[in-house]
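The values are calculated or read from the model by the stated rules, or taken from the named source; none is laboratory data. Just so we're clear, the structure is a prediction, and the values are computed from it rather than from any experiment. Neighbour counts are summed over all protein chains in view; Cβ atoms, including those assigned to glycine, are modelled from backbone coordinates with ideal geometry.
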Amino acid sequence: MKESIKRSDELNEPTTRIVYWDVAKCLLMYLVVLGHVVQLWQYGNVNFWEDGVFKAIYMFHMPCFILISGYFAGKTIQEATWKTLPKYARRLLLPGITFGCFWLLLRMTCGAAAPLNILQIAKAASPFWFLIILFECVCFFILFSLPSSKIFKTTMIILPLFLALAISELPKNLQHFFPHNSWFAYYWPFFLLGAAMRHYRISPENMKHASLWGCIFCVLYVVSFYYFPHQWTVYQKAPTLNLESLTINGIRTLVAVIGCGAFLFTIKVVTFMGKYAIIRLLGAATMGLYVLQSCIFTLRSTYMHYLPENMGYGWSCFLSLVLMLLLYAIYALTSQIKWMRLLLYGERS
C-alpha cells in the first residue's frame, strides 16, 4: 500500500490521509475496547480501578483522542468558523440521538415506563459522552476562532473552565441539566492543545529529535504510573472552587499530557504498521468504531452471561482484537446503506 491514500471529503475535494495519524487512531481505539473488556469481563465492573492495564490506559487515552480531534478540527474551524457547525452537529450528536431513541423504544417494548422526550433521549445517549463533549469543544472553539480582539480570544479560552466551575457549585438537582460538566472542564484544554499543535505545525511525526523526546515522555509516564493514585474518586473528581479539587485535576491533566506525549512519540516508532491495509482501514473508521463499541458495551447485560469471567490479560487482548475486527465488519456493511450511514455515524454518502 502507498504511504498515503486518497479519499474524497464532503466537498468532493481530494484529501491525503497520513499514515502516522491513522495508526495512532487505530491503536487508541483498540485501547478503548481493551479498557472496557478489562473493566467488564475481567472484573465484572467492580474493583477494576487498581488494575495495572486499566490504569495505564485510562491515564491518557481519551484525552489523546480529544487532542487529535483538536489537531484536525481546529484548522477546519478557523478557516470556515460557523459553516462547520452543521457538519459537526450531524457527526457528533446524531449518533447519540439515534441510539437514545432506539434504547428508549427497546425499553418501552420490554414494558419499562420510559417516556420518549428530549430529556430521556439525552439521558439514554450518555454512552456517547465523548462525542457530546467534543461537540461542546467545537462550539467554544468556533467562538474562539471568530475575528476578534486578543482579549475576547483569551476570554473564550478561560470561559468554559469558569462555567464548569460555576455549574459545579449549583444545587445537585440543577446539575442534572449539565451532564458531564466536570469532564468537559478536563478535556477542553486538550482540544486547545491539539489545535495549537496544528497551528504551530508541531507534530511528533516530523519533529527533530523525536526519539529523545519520546524517551523523556516515556520515562515521565512510567514515573507517573507508579505515583499517580488512580482510584475512581480521583478520576471522577469534579473541578470545584476547592484547592484539593483544583490540585487533583491539575495533576491529572499533567499526567494525561505526559501520557499523550509518550503515546504519540511511540507511534512514530511503530508507524511501519501503517503498511498493513487493516490498520489503515481501522484508523480511518474510528468514529464508526467508537459509535458501535458504545452501543455494544451499553447493551452488555444482554450477552455478558455468555462470556467467561475473570479472563487473563492474554484473553482480554485477544477478545479486544476480535471485537475491533467485528466492529469494523459491522461498520463496513451498515455504512453502505445511506440512511444507516447517516443516522448511525452522522456521515453523508
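When you go through PHE177, PHE184 one by one, which is the residue that is at pLDDT below 90, under 30 Å from THR298 (Cα atoms), among the aromatic types (Phe, Trp, Tyr) and surrounded by fewer than 16 Cβ atoms within 10 Å (Cβ to Cβ)? So that I can check it myself, show each step before the final result.
Details: PHE184 fails: surrounded by fewer than 16 Cβ atoms within 10 Å (Cβ to Cβ).
Only one candidate qualifies: PHE177.
Taking TRP232 as meeting all but one of (1) at pLDDT below 90; (2) among the hydrophobic types (A, V, I, L, M, F, W, C); (3) in contact with a helix residue (DSSP H, G or I) (Cβ under 9 Å, 6 or more places away or on another chain), write down the number of the exception.
Answer for TRP232: the failing condition is (3).
Show the residue pairs meeting these rules: Cβ distance below 6 Å; 6+ apart or different chains; first residue within segment 310-328 and surrounded by 14 or more Cβ atoms within 10 Å (Cβ to Cβ); second residue aromatic (Phe, Trp, Tyr).
That search, which allows pairs on different chains as well, returns MET311/TRP41; MET324/TYR30.
Inspect all residues belonging to segment 291-312 and state whether any of them is modelled with pLDDT of 90 or more and within 30 Å of VAL219 (Cβ to Cβ).
Looking through segment 291-312, none of the residues is modelled with pLDDT of 90 or more and within 30 Å of VAL219 (Cβ to Cβ).
Right, SER148: hydroxyl-bearing (Ser, Thr, Tyr) and either surrounded by fewer than 14 Cβ atoms within 10 Å (Cβ to Cβ) or at pLDDT below 80 (or both) or not? So that I can check it myself, show each step before the final result.
Numbers: hydroxyl-bearing (Ser, Thr, Tyr): yes; either surrounded by fewer than 14 Cβ atoms within 10 Å (Cβ to Cβ) or at pLDDT below 80 (or both): yes.
Yes, satisfied.
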